[in-house]
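Here is the structure we will look at.
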Amino acid sequence: MRRLPHLLARHWTRLALLLLGILLPLLLLADLTKDVFREGGYPWDRSVLAWYAAHRTPELTRLARALALLGGVPLLPLVTAAITLGLVRVGARAHAWFLAAAVGGATLLNVLAKVIFQRPRPDELGAVLVEPGYSFPSGHAMSNMAFGFALALVFWRSRVGWPAAVLGAVWALAVGLSRNYLGVHYPSDVLAGFAASAVWVTGLYLILGQRWPRLRRSPRGERDTR
């Protein structure tokens, strides 16, 4: 027991990741999944979509469409691949593997989840775009949260740590909200996508960090040999 404060001080970052990145998002995801699966969703889902529909403007619609393009296929995979290759070139292979696995794994998990839940998308009459596929969880929200969160973890201990974290969070939030604005996803779809990605990326980071300790360091100028 006397060593407990020392252990907490030494491993506080991992404990914070475990709490904020896995436990709390997992509880949120479980609650959202239960209500969507059993009750079909939440009453406030449609209320939020109606609010967005009532406040649409041409400028905001163009912005939301741009975010849908930048955060979707094929641009997000290309951006992820470019950053991954850049990390490989500086020798940060552990960081490169982590980033690629974070985004790719989140995308595959999203496809699997949509097949399992098969939640229909919101009414097409109220949507700006018409998109195929199921609604729960949001693929854009899930993949872009994985991208932003993984990017923040990769560069956390570098000089751009805080800017990378803020930029990743703002980007993921903007893409997620744009899905509600466009009327192609319910708010609960976006929240579930965020929560699922947080759990996936955090778990992956903690597991790969045991295999490659250099993952927890700055990627700049490293030469990973393991």
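The values are calculated or read from the model by the stated rules, or taken from the named source; none is laboratory data. Given the structure is predicted, the values throughout are model-derived calculations rather than measurements. No Cβ is skipped: glycine too gets one built from the backbone with ideal geometry, and neighbour counts run over all protein chains shown. Surface accessibility is based on the protein's heavy atoms, side chains included, excluding ligands, DNA and RNA. Shrake-Rupley method; radii C 1.70, N 1.55, O 1.52, S 1.80 Å.
Which one of Leu167, Leu129 is open to solvent by 30 Å² or more (accessible area, probe 1.4 Å), part of a helix (DSSP H, G or I), more than 16 Å from Trp200 (Cβ to Cβ) and aliphatic (A, V, I, L, M)?
Leu167
Could you list, in sequence order, the residues of the range 182-203 that are open to solvent by less than 10 Å² (accessible area, probe 1.4 Å) and among the aliphatic types (A, V, I, L, M)?
Leu182, Val184, Val190, Ala192, Ala195, Val201
Here's the yes/no breakdown for (1) crowded, with 18+ Cβ neighbours inside 10 Å; (2) part of a helix (DSSP H, G or I):
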{"site": "Ala94", "(1), (2)": "yes, yes"}
{"site": "Ala102", "(1), (2)": "yes, yes"}
{"site": "Ala106", "(1), (2)": "yes, yes"}
{"site": "Val115", "(1), (2)": "no, yes"}
{"site": "Ala146", "(1), (2)": "yes, yes"}
{"site": "Ala150", "(1), (2)": "yes, yes"}
{"site": "Ser158", "(1), (2)": "no, no"}
{"site": "Asn180", "(1), (2)": "yes, yes"}
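With the structure loaded, tell me whether Pro213 is over 18 Å from Ala64 (Cα atoms) and free of Cβ contacts under 8 Å to residues at least 24 places away in the same chain or whether it fails that test.
The answer is yes for Pro213.
Return the residue satisfying two criteria in turn: it lies in the range 82-92 and is among the small types (Gly, Ala, Ser) and surrounded by fewer than 16 Cβ atoms within 10 Å (Cβ to Cβ), and of such residues it is farthest from Gly209 (Cα to Cα).
Checking each candidate, the answer is Ala82.
Does Leu76 qualify as being open to solvent by 20 Å² or more (accessible area, probe 1.4 Å) and at pLDDT 90 or above?
So Leu76 does not fit the description; no.
How about the range 132-144: which of its residues are over 15 Å from Leu49 (Cβ atoms) and either among the basic types (Lys, Arg) or not in a loop (DSSP other than H, G, I, E, B) (or both)?
Gly139, His140, Met142, Ser143, Asn144 - these are the residues of the range 132-144 that are over 15 Å from Leu49 (Cβ atoms) and either among the basic types (Lys, Arg) or not in a loop (DSSP other than H, G, I, E, B) (or both).
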